[in-house]
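The values are calculated or read from the model by the stated rules, or taken from the named source; none is laboratory data. In this text, all values refer to a predicted model and were calculated from it rather than measured experimentally. Here the Cβ is made from the backbone with ideal geometry for all residues, glycine too, and neighbour counts use every protein chain on show.
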């Protein structure tokens, strides 16, 4: 199995998880129930789910007033792109 196929599969799954966690947390916030911890949302973002978190923030209008999320999540996405490019470049050389 190629690096690209494994990477794409992982990327899709972890970003779906990030997106769903934002939706779950928003629903629970509205219903005043137990919430998803912010550290869990950040962990998912750091291990590759930043795009899913960001899309979930936008779609569910959740955590959009939290500067740490609105600024931090795009920064994590940029870091992921840089890491991917570096890894890809090293594999090709």
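Residue 35 meets the conditions (1) farther than 30 Å from residue 89 by Cβ; (2) in contact with a helix residue (DSSP H, G or I) (Cβ under 6 Å, 6 or more places away or on another chain); (3) assigned to a helix (DSSP H, G or I) in every case but one. The failed one is (3).
Return the residue satisfying two criteria in turn: it lies in the range 49-81 and is closer than 30 Å to residue 2 by Cα and modelled with pLDDT under 95, and of such residues it is surrounded by the fewest Cβ atoms within 10 Å (Cβ to Cβ).
81
Only residues that are within 17 Å of residue 73 (Cα to Cα) and surrounded by fewer than 19 Cβ atoms within 10 Å (Cβ to Cβ) were counted in the range 18-35, giving 2. Scanning the range 11-32 for residues that are modelled with pLDDT of 95 or more and either over 15 Å from residue 60 (Cβ atoms) or touching a strand residue (DSSP E or B) at 6+ places or on another chain (Cβ under 9 Å) (or both) gives 12, 13, 14.
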